[in-house]
Amino acid sequence: MAFTIDTKFKLNSGYEIPQLGFGVYQTPPSETSRCVTEAIQAGYAHVRAFSFYQGMRANTDHVQIDSAAYYQNEAACAEAIRSFSREKIFFTTKIMPYTLGYDSVHSQINRMLKDTGLGYLDLVLIHAPYGGSAKRKESWKALVEAVEAGKVRSIGVSNYGVAHLDELEKHIAELEKERGGKEKGGVISVGQWEIHPWCPRNDIVEWCKKRNIAVEAYCPLVQGNRWGEPTVKKLAEKHEKSEAQILIRWSLQKGLVPLPKSVTPERIVANAQVYDFELAEEDMKSLDIGVYEHVSWDPTTSLLED
Ligand SMILES: NC(=O)c1ccc[n+]([C@@H]2O[C@H](COP(=O)([O-])OP(=O)(O)OC[C@H]3O[C@@H](n4cnc5c(N)ncnc54)[C@H](OP(=O)(O)O)[C@@H]3O)[C@@H](O)[C@H]2O)c1
């Protein structure tokens, strides 16, 4: 498949998600608006539509920004987003970890809408499965109701293991019965996990691919912990690209939705310049490293009762 900066995936909700996203975890609120603006201008968008930002003409098409209640920078993202055309920006946020529950999810979504002033949220994810089965089901039901109310367009989960995903399918079937009909249980559009060559999560990716669930890859740059690793370094030299660009390209060619983060203007630009080269089959194979070494937290292995 040929990728371009315009590549989008059609979600189970019917909406489209741009394949390349921009992450803002650990981006200080005071810097977030500048970084999101630079990402939008950098070509996480395609040169097509125009809008004004501080008197400048900016290039935007569909841009994806990944925030979370936990990051405390949703409002700062929205400040930048509001300077562009709302329909062109795909804004994701996440329910605060360890706060699952029906009322909690409803009130968090209302709070997100109020703080961002965005009118609707493109994607809301359950950030982590912690809370136990009953809370996960109630939280999902609250997300489904938020979609029905037009507050949220697409919903999904993050950091769920295969057991949590199987349970979610069971919950969806139960909600369909309880709420009277197909679709009343909601559809899973997106899942988000730490994924890179040292943590490929093939089982989860396969589970999602079978169901057309878009798989977002967080920490696609391994949080900067693997620079200089011989395999990636060799590929960077071969393709005359940076190691970061090799890792982002790996993610794209795996059919994932990578969410690289940076606060550095040159890196924000360079991380989107990944469409003028291709990793060959043997290059991709050389990145099948066969280990399970995550750099972030790993709730996927938590028990269903946790
Ligand atoms: N759902 C979850 O539980 C979860 C967990 C973690 C992350 N996420 C999401 O995924 C996004 C990405 O993950 P992440 O921020 O943890 O890690 P990441 O994107 O893998 O790495 C970010 C680090 O790489 C550096 N960097 C970026 N571009 C670079 C380049 N071209 N050359 C060298 N260094 C570069 C950044 O430095 P500078 O910023 O200083 O440039 C930063 O230190 C997050 O922002 C967040 O949106 C989700």
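Quick notes on this structure:
- Karplus (6.51, -1.76, 1.60) ³J(HN,Hα), θ = phi - 60°, over segment 290-303, in Hz, Gly and Pro reported as x: x, 10, 10, 10, 8, 10, 9, 6, 9, x, 4, 8, 6, 6
- Taking amide hydrogens as placed 1.01 Å from N in the peptide plane, the amide H of GLN64 sits under 5 Å from those of PHE22, PHE90, each at least 5 positions away in sequence or on another chain.
- Global form of segment 70-140, assessed from the alpha-carbon gyration tensor, a/c cut-off 1.5: prolate
- Here is the list for segment 96-147: chymotrypsin sites (Phe, Trp or Tyr not before Pro) lying in DSSP coil, each with at most 12 other C-beta atoms within 10 angstrom of its C-beta, are TYR98.
- For GLU216, the residues whose amide H sits under 5 Å from its own are GLY191, GLN192, TRP193, VAL257, ignoring neighbours fewer than 5 places away on the same chain, with H placed 1.01 Å from N.
- Shape of segment 74-187, Cα gyration tensor, a/c cut at 1.5: prolate
- Pairs beyond 32 Å (Cα-Cα), from LYS88/LYS210; LYS94/LYS209; LYS88/LYS234; LYS182/LYS261: LYS88/LYS234; LYS182/LYS261
- Working from the Cα coordinates of the chain, the gyration tensor eigenvalues give, after taking √(5λ), semi-axes of 30, 24, 17 Å in decreasing order.
- Protection proxy ranking, peptides 237-245, 216-224, average beta carbon neighbours within 10 Å, highest first: 216-224, 237-245
- Relative contact order %, the chain, counting alpha carbon pairs below 8 Å whose residues are six or more apart: 19 percent
Values quoted throughout were computed directly from the atomic coordinates according to the rules given, and no laboratory measurement underlies them. What you see is a predicted model; the values in this text were computed from it and never measured. Note that we place each Cβ from the backbone using ideal geometry, even for glycine, and neighbour counts take in every protein chain shown.
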